[in-house]
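The values are calculated or read from the model by the stated rules, or taken from the named source; none is laboratory data. Note that the coordinates shown come from a computational prediction; the quantities given were computed from them, not determined experimentally. Heads up, the Cβs are rebuilt from the backbone with ideal geometry, glycines too, and the neighbour counts pull from every protein chain shown. These accessible areas exclude ligands, DNA and RNA; they are computed on the full protein's heavy atoms, side chains included. Shrake-Rupley method; radii C 1.70, N 1.55, O 1.52, S 1.80 Å.
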Amino acid sequence: MSASEFLTVQKDDQVARITLNRPKHNVLNIPMMNDLNAELEAIAADDTLKCLVINGEGPSFCAGVEVGDHKPEQVDEMVAVFNRIFELINMIDIPVIGAVHGACLGGGMELAIACDIIIASKNAKFGQPEIKLGFFPPYAALRLPELVGPAKAIEVLTTGKTYKAKAARKMGFVSQVADDDEFKEAVEAYIKEICMASPLIIRLNKRAVKRHLGTSFSQGVDLVSNYFLKTMMKTEDTLEGIASFEEKRRAEWKNC
């Protein structure tokens with residue numbers, strides 16, 4: 001386990017867990033975001049992990065970014081440090097799970113929607129209330145249209161409304177909602193399912209999803225098919241997966 005003033009980080013041989021820990025509602029400030037970026041850089045460089053989980057200590061996941069850091073004398077640094085979070089999450093080749101409970105607002109919601117998968121407690125509340133303070137959320141303006149479409153993204157950003165977990169799932173950016181007393185178990189079950197696979201093949205699957213984005217259909221088919229044939233089919237773990245199926249035994253992954 002490693003720790004900073006604002007984060008608790010745990011790693012085993014399969015899973016990394018980053019817990020936001022800045023009482024009371026894990027509001028992000030510049031030092032906290034610098035610490036988060038350092039941890040994300042280390043995780044991005046670790047090719048043995050299978051999954052990253054980001055969650056929050058206390059009553060909330062994250063209630064936003066420190067309003068004081070938006071002042072003109074600090075805002076350039078704040079935006080650079082904040083954007084680096086999303087650059088790094090985008091670089092991470094394993095599934096990133098946002099385990100969200102309580103308030104998930106502003107920059108906290110942006111952090112959550114940067115994750116590949118959001119598992120939300122029934123008590124989670126999502127929203128981008130920046131408009132009420134005279135701001136707009138830059139990353140949400142980029143990411144939300146991909147997740148919910150432009151019209152719904154404009155609604156979220158221009159109304160500043162708060163959405164319950166079930167509504168967020170209906171909109172499409174939350175994958176699963178669990179009752180509050182079953183939330184931790186639901187997250188662990190999701191992690192367990194992912195961790196059954198080879199760490200290499202997990203990474204190749206995520207790369208395959210991202211590899212064709214922004215291309216035409218025919219280009220995408222070629223890119224993903226070539227990746228399948230020339231990269232994945234050359235791995236020992238794919239051959240081991242085939243052999244284990246035919247031999248009716250558990251696969252022994254080598255991560256190569």
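Before moving on, here are some points about what is shown:
- Some residue of the stretch 43-61 being part of a helix (DSSP H, G or I), open to solvent by less than 60 Å² (accessible area, probe 1.4 Å) and at pLDDT 95 or above: yes
- Among (1) free of Cβ contacts under 8 Å to residues at least 40 places away in the same chain; (2) surrounded by fewer than 18 Cβ atoms within 10 Å (Cβ to Cβ), the one test that K11 misses: (2)
- Taking the listed residues E236, E252, E246, E182, the one that is more than 29 Å from E146 (Cα to Cα), touching a Cys at 6+ places or on another chain (Cβ under 8 Å) and free of Cβ contacts under 8 Å to residues at least 24 places away in the same chain is E236, with no other qualifying.
- Here M196 meets each of (1) more than 30 Å from A167 (Cα to Cα); (2) in a helix (DSSP H, G or I); (3) open to solvent by 70 Å² or more (accessible area, probe 1.4 Å) with one exception, condition (2).
- No other residue among F126, F136 is assigned by the TED database to the domain that holds F183 and open to solvent by 70 Å² or more (accessible area, probe 1.4 Å) apart from F136.
- Check on D179, loosely packed, with under 12 Cβ neighbours inside 10 Å, in contact with a helix residue (DSSP H, G or I) (Cβ under 9 Å, 6 or more places away or on another chain) and over 19 Å from C115 (Cβ atoms): yes
One line per residue, one yes/no per condition, for (1) among the basic types (K, R); (2) assigned by the TED database to the domain that holds C51; (3) in contact with an Asp or Glu (Cβ under 9 Å, 6 or more places away or on another chain):
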| position | (1), (2), (3) |
| --- | --- |
| K184 | yes, yes, no |
| S216 | no, no, no |
| N226 | no, no, no |
| K230 | yes, no, no |
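- Restricting the stretch 210-230 to residues that are within 30 Å of D13 (Cβ to Cβ) and surrounded by 14 or more Cβ atoms within 10 Å (Cβ to Cβ) leaves a set whose member that is modelled with the lowest pLDDT is R211.
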